[in-house]
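Student: Below is one structure. I have some questions about it.
The values are calculated or read from the model by the stated rules, or taken from the named source; none is laboratory data. Bear in mind the structure is a predicted one, so any value in this text is a computation, not a measurement. Glycine gets a Cβ as well: all are built from the backbone with ideal geometry, and neighbour counts include every protein chain shown.
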Amino acid sequence: MITTFFNHELKSFWRSKNTGKSVAIKVVMGVLILILLLYVLAFGVFLDIILKKMFPAENLTVTFCGIILVYFLSDLLMRMQLQELPTLKVQPYLHLPVKRNSVVGYLALTSLLSFFNLWPIILFGPFILKVIVSAAGGGVAAVFMIAIIALAIFNNYLALYIKRKANLNGWIFLMAGGILALITCGDYLWHLYSFKSLSYLFFGNLILKPYLVALPLILAAGMFYINFYYLKGNLYLEELSSKKEAAKSSTEIPFLGRFGQVGDLVANEVKLILRNKRPRSALIMGLFFMFYGLIFYTNPKMGEGFKVFVGMFMTGIFIINYGQFMFSWQASHFDGILVSKVKFTDFLKAKYLLFTIVSTVAFILTTPYVYFGWRTVLIHFVMYLWNLGINTTIVLYFANRNYKRIDLSKGASFNWEGVGASQLLLSFPLILLPYLIYLPFKFLGYTDAGLAVLAVTGVVFIITRDFWIKKLEGDFYNKRYQIAEGFRNK
Amino acid sequence: MIEIKNLKKVYNGAIVVNVPALQINNGESIGLVGNNGAGKTTLFRMILDLIRPESGEVLSKGENVAGGESWKSYTASYLDEGFLIDYLTPEEYLYFIGGLHGQNKAQVDEKLAGLAEFFNGEIIKKGKYIRDLSKGNQCKVGVGACLLQQPELLMLDEPFANIDPSTQFRLKNILKDQNKNHGVTTIVSSHDLNHVTDVCDRILLMEKGVVIKDIATSSSTLSELEEYFGVGQNTSTFTVDKEEKH
């Protein structure tokens, strides 16, 4: 039975919309995943060299044994945030004469098909082959590998168990997060104990007493069964689903009221962003980008050219990150928009207004970078104008060419839904255009003039916005059937 | 009100809608029937300018709907959940729709008070987003939003499919009232022959994209339609019934 399930699972993967229909997208996706895997693999292969650089005084094996548990602690944190529950997929089987044990077993096993379970193997595998085999022999290396896989499985089920519990009671997630934070603080802040030495205590002894491998195996098996029995006892749709019901209330955004119908449209879109998982994560990701400058500005090697780039990203991340999927966000009710009395001009004006509001907030948030000099804030402001003038228009131009539906309720991580050629094409003008203008001036030694031209271009586009809206509207009327049809395609 | 000329839609080489000429007059109540795949929804979508016809045109009040905006101000429609903004609460959505037609909150509230019976206390102030409502209740929101717009043309695609019997009854009364007392032109599709013959004065029967029957509703319309849909085995028993009745 479970083989049938796996067969269905494979089909659902290859036939899902996320995977993308066209071969081109599959190839691009495959290449991207491969690159990511290669990066991790390269990290794994050079782990011995990296560790030697970081801890030159210590023995390599000792350091390695020390970091394993530390890794799994952070792994658990990552999983709790990013790993998705393999849940509602069992719905079509629940009413059929299929044994509960096989349904639950299938649910439990498919959760192993996660990238998170691959990382530790790729990361630590090469080191074990390179160092442990030569230092302690093949048997010990195998035991190491088994212990690491077992710990990954333990983490996998522990994270899922916490997430499932948290579905029924949101406090559990906070509690689990708090406990993890306490454990971390206990080591790194209060120095009550050391994860490194704990890790070494176990893995160091593992070299001498290989039978200790039973410990992680027991942990993994125990966690699996806790999960298994929990699932079996709670095999009801509402408890499996990842949504918790709370009373929803109507809200108003009075500030937007003054913009009339355009304001109403913006208010709707703000609600779209805040009430749906994927656009919300796009927004939150944008907040993290506010720290982007800290990476670059603290490095004295990075010149002013980087500030142009970083400034554009920080003040315009929302335009880029959220705008690249326009109008797919509204795919589920696009028909309703088309037949309603909304004028497309207003629809576009609402997008501009939304971008303006969020970018303004982003610009204000980046003002503390004045620490790196007033000129930094000035560059940010220039790029803020550039974003409002040019990037908004570019993004909306490509929005007219985006026919992919997005399911708002799905999370953002590893979600390829709605990704197509238009996002890729969009990135070229976004990244290249400011440099096309700025760099020639810079090489001639007139950086101020370069910035001024960027600012003036931005302002000119803002002033002539009505003209661009007209252009975009005309373009939209040619493409709207195609857009609406693409959005209807579930 | 609506005039269709040489309208044709082709998907993958198959003709799904082919209507050479169709005239729908002001104040008529049209019932659209036909089996799955007959082209009812596609026809609706072309009238609403949601899909591009291969050829032909749809005129609304003499104006081509394609690319036009004026028809939107007097046409209200609900085809499926894709017409609802599902992350809003019903109130937010209804205020939004009302706002598009220049109605303030008080005016919307007043109109909604008139729909209280239709909503049956399941829509307003329930603390749910539209996406969390059942299909039947989503349909109520959609129909409610249509009525809020005080349209001259009302188009509903299978509105009876998901709603409960009481609501079906109420919806029928609303449709009759809109048509008879407010002069609203209604176009309603349904698989329930009893409902359409009850509500509509004129029935269009579609098969494979073609309007094969165009009949004014009379006492015999229901049996005529049942005969068509009864495909084969039921026709014989049906004729017997007919004889017994007379």
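Student: Inside region A:271-364, counting only helices (runs of 4 or more DSSP H) that do not spill past its ends, which hold 2 or more residues that are assigned by TED's automatic domain parsing to the domain that holds A:Asp448 and over 17 Å from A:Phe476 (Cα atoms)?
Tutor: Qualifying helices (runs of 4 or more DSSP H): A:277-288, A:292-297, A:304-323.
Student: Can you name the number of the only condition in (1) touching a residue at least 24 places away in the same chain (Cβ under 8 Å); (2) within 23 Å of A:Asp264 (Cα to Cα) that A:Val361 fails?
Tutor: Checking A:Val361 against (1) touching a residue at least 24 places away in the same chain (Cβ under 8 Å); (2) within 23 Å of A:Asp264 (Cα to Cα), the one that fails is (1).
Student: I would also like to ask the following. Inspect region B:11-29 for any residue being among the small types (Gly, Ala, Ser), closer than 14 Å to B:Leu204 by Cα, assigned to a strand (DSSP E or B) and more than 14 Å from chain A (Cβ to nearest Cβ) and give the result as yes or no.
Tutor: So far as region B:11-29 goes, yes, one or more of its residues are among the small types (Gly, Ala, Ser), closer than 14 Å to B:Leu204 by Cα, assigned to a strand (DSSP E or B) and more than 14 Å from chain A (Cβ to nearest Cβ).
Student: Take the conditions buried (at least 21 other Cβ atoms within 10 Å of the Cβ), in contact with a strand residue (DSSP E or B) (Cβ under 8 Å, 6 or more places away or on another chain), within 11 Å of chain A (Cβ to nearest Cβ) and farther than 30 Å from B:Glu224 by Cβ and apply them to B:Ala66. Does it pass?
Tutor: Numbers: buried (at least 21 other Cβ atoms within 10 Å of the Cβ): no; in contact with a strand residue (DSSP E or B) (Cβ under 8 Å, 6 or more places away or on another chain): yes; within 11 Å of chain A (Cβ to nearest Cβ): yes; farther than 30 Å from B:Glu224 by Cβ: yes.
Judged against the criteria, B:Ala66 is not a match.
Student: Given (1) touching a residue at least 12 places away in the same chain (Cβ under 8 Å); (2) crowded, with 16+ Cβ neighbours inside 10 Å, where does A:Gly170 come up short, assuming only one miss?
Tutor: Tallying (1) touching a residue at least 12 places away in the same chain (Cβ under 8 Å); (2) crowded, with 16+ Cβ neighbours inside 10 Å, A:Gly170 fails exactly one: (2).
Student: Related question: Filter region B:88-99 down to the residues that are part of a helix (DSSP H, G or I) and in contact (Cβ under 8 Å) with a residue 24 or more places away in the chain, then identify the one that is nearest to the other protein chains (Cβ to nearest Cβ).
Tutor: The selected residue is B:Glu91.
Student: For the structure I just gave you, tell me whether A:Ala331 is touching a residue at least 24 places away in the same chain (Cβ under 8 Å) and within 14 Å of chain B (Cβ to nearest Cβ).
Tutor: yes
Student: Search region B:69-87 for residues being of a type in the set (Gly, Ala, Ser) and over 14 Å from the mean Cα position of the chain (by Cα), and hand back the single one that is farthest from the other protein chains (Cβ to nearest Cβ).
Tutor: Among them, the one singled out is B:Ser70.
Student: Residue check: is A:Tyr106 in a helix (DSSP H, G or I) and either of a type in the set (Asp, Glu) or surrounded by fewer than 20 Cβ atoms within 10 Å (Cβ to Cβ) (or both)? Show your work before the answer.
Tutor: Details: in a helix (DSSP H, G or I): yes; either of a type in the set (Asp, Glu) or surrounded by fewer than 20 Cβ atoms within 10 Å (Cβ to Cβ) (or both): no.
Spelling it out, it is not the case that A:Tyr106 is in a helix (DSSP H, G or I) and either of a type in the set (Asp, Glu) or surrounded by fewer than 20 Cβ atoms within 10 Å (Cβ to Cβ) (or both).
Student: Taking only region A:365-374 into account, find how many residues are free of Cβ contacts under 8 Å to residues at least 60 places away in the same chain and either touching a Phe, Trp or Tyr at 6+ places or on another chain (Cβ under 8 Å) or in a helix (DSSP H, G or I) (or both). Walk me through it before giving the result.
Tutor: Pass one, region A:365-374, residues free of Cβ contacts under 8 Å to residues at least 60 places away in the same chain: A:367-368, A:370-371, A:373-374.
Now narrow it down to the ones that are either touching a Phe, Trp or Tyr at 6+ places or on another chain (Cβ under 8 Å) or in a helix (DSSP H, G or I) (or both): A:367-368, A:370-371, A:374.
Count: 5.
Student: So, one more: Name, by its number, the condition in (1) more than 12 Å from chain B (Cβ to nearest Cβ); (2) under 30 Å from A:Ser111 (Cα atoms); (3) modelled with pLDDT under 80; (4) surrounded by fewer than 13 Cβ atoms within 10 Å (Cβ to Cβ) that does not hold for A:Pro300.
Tutor: Checking A:Pro300 against (1) more than 12 Å from chain B (Cβ to nearest Cβ); (2) under 30 Å from A:Ser111 (Cα atoms); (3) modelled with pLDDT under 80; (4) surrounded by fewer than 13 Cβ atoms within 10 Å (Cβ to Cβ), the one that fails is (2).
Student: Which one of these does A:Lys410 not meet: (1) within 14 Å of chain B (Cβ to nearest Cβ); (2) part of a helix (DSSP H, G or I)?
Tutor: (2)
Student: Pick from A:Phe476, A:Phe461, A:Phe441: which is buried (at least 17 other Cβ atoms within 10 Å of the Cβ), within 14 Å of chain B (Cβ to nearest Cβ), touching a helix residue (DSSP H, G or I) at 6+ places or on another chain (Cβ under 9 Å) and aromatic (Phe, Trp, Tyr)?
Tutor: Working: A:Phe461 fails: within 14 Å of chain B (Cβ to nearest Cβ); A:Phe441 fails: within 14 Å of chain B (Cβ to nearest Cβ).
Matching residue, one of A:Phe476, A:Phe461, A:Phe441: A:Phe476.
Student: Evaluate the following for B:Leu147: is it in contact (Cβ under 8 Å) with a residue 40 or more places away in the chain and in a helix (DSSP H, G or I)?
Tutor: yes
Student: List the number of the failed condition for B:Arg52; all other conditions in (1) more than 14 Å from every other protein chain (Cβ to nearest Cβ); (2) part of a loop (DSSP other than H, G, I, E, B) hold.
Tutor: Result: B:Arg52 fails condition (1) only.
Student: So which of A:Gly44, A:Gly66 is at pLDDT 85 or above and under 18 Å from A:Val131 (Cβ atoms)? Walk me through how you get there before you give the answer.
Tutor: Working: A:Gly66 fails: at pLDDT 85 or above.
Unique residue meeting the criteria: A:Gly44.
Student: While we're here: Go through region B:150-181 and report how many residues are free of Cβ contacts under 8 Å to residues at least 40 places away in the same chain, in contact with a Cys (Cβ under 7 Å, 6 or more places away or on another chain) and either of a type in the set (Gly, Ala, Ser) or closer than 17 Å to B:Tyr74 by Cα (or both).
Tutor: Selection size over region B:150-181: 0.
Student: Return the residues of region A:303-312 that are more than 25 Å from the chain's Cα centre (by Cα) and modelled with pLDDT of 80 or more; say none if nothing qualifies.
Tutor: A:Glu304, A:Gly305
Quick grid of which residues meet (1) modelled with pLDDT of 85 or more; (2) over 17 Å from A:Leu69 (Cα atoms); (3) in contact with a Pro (Cβ under 7 Å, 6 or more places away or on another chain); (4) within 14 Å of chain B (Cβ to nearest Cβ):
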residue	(1), (2), (3), (4)
A:Phe202	yes, no, no, no
A:Ile218	yes, no, no, no
A:Ile226	yes, yes, no, no
A:Glu238	no, yes, no, yes
A:Pro254	no, yes, no, yes
A:Val266	yes, yes, no, yes
A:Val270	yes, yes, no, yes
A:Lys277	no, yes, no, yes
A:Tyr292	no, yes, no, no
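Student: Among the residues of region A:155-201, count how many are outside any helix (DSSP H, G or I) and among the aliphatic types (A, V, I, L, M).
Tutor: Total satisfying the criteria: 2.
Condition check ((1) over 23 Å from A:Arg465 (Cβ atoms); (2) free of Cβ contacts under 8 Å to residues at least 60 places away in the same chain) across all residues:
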| residue | (1), (2) |
| --- | --- |
| A:Met302 | yes, yes |
| A:Gly305 | yes, no |
| A:Gly316 | no, no |
| A:Gly323 | no, no |
| A:Phe327 | no, no |
| A:Ile337 | no, yes |
| A:Phe347 | no, no |
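Student: Of the residues A:Asn391, A:Asn402, A:Asn387, which single one is buried (at least 22 other Cβ atoms within 10 Å of the Cβ), more than 14 Å from chain B (Cβ to nearest Cβ) and under 30 Å from A:Leu85 (Cα atoms)?
Tutor: A:Asn402
Student: Let me ask you something else. Only one of (1) away from every other protein chain (no Cβ under 14 Å); (2) touching an Asp or Glu at 6+ places or on another chain (Cβ under 7 Å) fails for B:Lys111. Which number is that?
Tutor: So the condition that B:Lys111 fails would be (2).
Student: Please enumerate the residues belonging to region A:202-219 that are in a helix (DSSP H, G or I) and of a type outside the set (A, V, I, L, M).
Tutor: Answer for region A:202-219, where residues must be in a helix (DSSP H, G or I) and of a type outside the set (A, V, I, L, M): A:Phe202, A:Phe203, A:Gly204, A:Asn205, A:Pro210, A:Tyr211, A:Pro216.
Student: Something else now. Quick one: in region B:52-84, of everything that is touching a residue at least 40 places away in the same chain (Cβ under 8 Å) and of a type in the set (A, V, I, L, M), which residue is nearest to B:Thr42 (Cα to Cα)?
Tutor: Only one residue tops the list, namely B:Leu79.
Student: Within region B:114-130, which residues are in contact (Cβ under 8 Å) with a residue 12 or more places away in the chain and more than 14 Å from chain A (Cβ to nearest Cβ)?
Tutor: Result: B:Leu115, B:Glu117, B:Phe118, B:Phe119, B:Asn120, B:Glu122.
Student: If we keep just the residues of region A:314-328 that are among the hydrophobic types (A, V, I, L, M, F, W, C) and surrounded by 23 or more Cβ atoms within 10 Å (Cβ to Cβ), which is farthest from the other protein chains (Cβ to nearest Cβ)? Spell out how you get there, then give the answer.
Tutor: Narrowing region A:314-328 to residues among the hydrophobic types (A, V, I, L, M, F, W, C): A:314, A:317-320, A:325-327.
When the remaining residues are screened for being surrounded by 23 or more Cβ atoms within 10 Å (Cβ to Cβ), the result is A:314, A:317-319, A:325.
On the way: A:Met314: 28, A:Ile317: 23, A:Phe318: 19, A:Ile319: 21, A:Phe325: 16 Å.
Result: A:Met314.
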